[in-house]
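See structure below.
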Amino acid sequence: MFSLRHDECLFSVLPQLFAIEKIDSHRRIPAFLCSRFIRSVISFELDEDCILPTLVNNDDLFFPQSSHLTHIRITLRYFNDCIHLLNQLGAQLHSFGVSFTHTNIRQYRTISRIASISCPYLKELTITSYRNIPYYDPFVVPLLQRLTTIEYLTLLLAVGVEKFVPRHFIDGYGLQRDIISYMPHLRQFHFHIRSIVAYASHIDIDTIRQSFVHQEQSVDCVLDYSNNSCGQFQIFSLPFIGTRLDFISNRFPLFDENKNTFSNVTTILLFDDVKPFEYNFFRLVSRALPHLKSLEVFNRLEQEEKTMITTNLIEFPHLATLILDDIHMDYTKQFLCRTHLPCLVELLIHYEPLSTIIAQHPEEARNNCSKIEFLYFVDVSTDPTDPLLNFFPTLHCKISKST
């Protein structure tokens with residue numbers, strides 16, 4: 001799945017490079033859920049990379065034979081699927097964790113279905129959507145307000161899509177007014193919420209921090225503005241429990257190596273349309289995020305530091321996926337020639353900058369290209385006999401994807 005919408009007001013896409021196809025798992029999973037075996041299952045979890053298929057019609061059930069099921073952790077395609085599932089099983093659930101891969105919400109009858117949800121035993125809830133959610137106020141907030149028995153709540157959300165951005169940043173006052181006050185039994189609240197506001201007026205971050213003074217936990221926040229007329233405000237509880245950061249710019253002030261605040265992050269999207277990313281910034285990122293596995297860079301600005309550093313290279317020891325889609329050519333050189341990537345197996349890149357770097361700096365680029373198994377080209381259809389592909393001795397799959 002490619003990063004085609006980053007210019008639409010800080011819109012996030014999922015980091016994986018290819019969408020899930022309709023393969024055998026889409027037949028096997030429903031068959032399993034309808035089997036006799038599921039009748040005795042109490043806890044059901046799917047790997048986060050496996051999506052539970054969407055129902056064909058509103059009369060279908062996700063778990064048709066599941067009278068004992070009390071704990072679920074799954075990934076669904078749509079928010080409406082979550083509402084459907086809670087209407088089906090909410091009365092028996094004790095723990096529910098859900099992630100979404102698509103953000104559009106079908107408005108028809110959604111409010112009435114949210115109002116009919118009853119979860120009297122639900123104590124633990126986790127909702128994750130790193131893709132920007134529209135209609136946060138009219139749909140997500142009412143859902144949370146229905147779940148009054150929650151004791152342990154985790155929200156990892158991006159809020160605001162195109163025309164459906166909130167009118168204000170989500171801050172401590174909003175959390176207290178819209179969520180916490182509706183959950184009298186709440187004991188623990190972990191969150192990382194990134195809200196995007198179009199044409200946002202500049203606000204002093206210390207003013208926003210005042211909204212958290214009555215929180216009974218450690219909280220931090222980051223406020224950033226870009227040249228695309230959008231502002232974003234990230235709030236997160238501490239210790240930080242998320243594994244992903246999106247739209248991190250040069251102005252992100254919290255990469256403090258001594259605090260190790262984000263040491264668990266494995267996926268990051270770097271974005272800046274104000275200032276280029278320089279060598280020292282990438283070095284700071286590599287030190288602050290020692291477990292990083294997926295990295296996407298979105299910056300069209302030319303680097304100002306042009307020195308070719310061949311010693312003391314930056315190293316991302318666990319990075320497996322690198323996405324260089326919407327960038328200046330300097331970042332191709334930065335990662336293929338000035339960075340050590342011993343575990344790199346997936347690369348998305350434009351054909352021209354890659355061919356140029358390999359032609360001009362073959363020895364520097366060879367090490368980082370030697371283990372790549374999946375190579376994705378944007379905006380070009382590549383001939384399978386292209387000599388460039390010989391530079392990748394372990395290549396298993398080459399895909400050309402037009403934007």
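Every number in this text was worked out from the coordinates using simple rules, so none of it is lab data. Treat the numbers as computed from the prediction; the structure is a model and nothing was measured. Backbone-built Cβ (ideal geometry, glycine too); neighbour counts: all protein chains shown.
When peptides 340-352, 73-85 are ranked by their average number of other Cβ atoms within 10 Å per residue, the highest-first order is 73-85, 340-352. Put simply, the amide H of TYR130, placed in the peptide plane, has neighbours under 5 Å in PHE100, leaving out anything fewer than 5 places away on its chain. Distant-in-sequence amide contacts of ASP273, defined by a placed amide H-H separation under 5 Å and a gap of 5 or more residues or a different chain, comprise ASN227.
Determine, from the Cβ-Cβ distance of GLN215 and ARG39 and an R0 of 51 Å, the FRET efficiency 1/(1 + (r/R0)^6), rounded to the nearest 0.05. The calculated FRET efficiency here is 0.75.
The value of relative contact order for the stretch 153-285, using C-alpha pairs under 8 Å at least six residues apart, is 22 percent.
Applied to the stretch 345-362, the Karplus parametrisation 6.51 cos²θ - 1.76 cosθ + 1.60 on θ = phi - 60° returns per-residue 3J(HN,Hα) values of 10, 10, 9, 10, 6, 7, 5, 4, x, 5, 5, 5, 5, 5, 5, 8, 9, x Hz, with x for Gly and Pro. Listing GLU302, GLU315 from fewest to most neighbouring C-beta atoms within 10 Å gives GLU302, GLU315.
With r as the distance between the Cβ atoms of ILE203 and CYS343 and R0 = 35 Å, compute the FRET efficiency 1/(1 + (r/R0)^6) and round to 0.05. Using R0 = 35 Å, I get an efficiency of 0.30.
Each of ILE105, TYR121, LEU157 was scored by the projection of its Cα onto the charge dipole of the stretch 87-185, and the greatest displacement toward the positive side belongs to ILE105; charges sit on the C-beta of Lys, Arg, Asp and Glu. For the stretch 290-299, the Karplus equation 6.51 cos²θ - 1.76 cosθ + 1.60, evaluated at θ = phi - 60°, returns couplings of x, 10, 4, 10, 10, 9, 10, 10, 10, 7 Hz by residue, with Gly and Pro reported as x.
Of LYS293/LYS333; LYS333/LYS398; LYS123/LYS259; LYS306/LYS398, which ones are farther than 28 Å apart at the Cα? Violating the 28 Å Cα-Cα cut-off are LYS123/LYS259; LYS306/LYS398. Each residue of the stretch 118-131 was assigned a 3J(HN,Hα) from its phi angle through the Karplus expression (A = 6.51, B = -1.76, C = 1.60, θ = phi - 60°), giving 9, 10, x, 10, 6, 10, 10, 9, 10, 10, 10, 8, 7, 7 Hz with x at Gly and Pro. Proximity of backbone amide H atoms, modeled 1.01 Å from N, is registered between ILE372 and THR394 at under 5 Å, excluding neighbours fewer than 5 places apart on the same chain.
Place +1 on the Cβ of every Lys and Arg and -1 on the Cβ of every Asp and Glu in the stretch 243-403, take the dipole about the Cα centre, and give the residue among ILE327, SER286, VAL380 whose Cα lies farthest towards its positive end. Towards the positive end, the residue furthest out is SER286.
All other residues whose Cβ lies under 10 angstrom from that of LEU319 are scored, Lys and Arg at +1 and Asp and Glu at -1, for a net of -1. For the stretch 243-403, the average shadow cast by the Cα convex hull is 9.1 nm², which is a quarter of the hull's surface.
What's the local net charge at GLY97, with K and R +1, D and E -1, over the other residues with C-beta under 11 Å away? Result for the local shell: -2.
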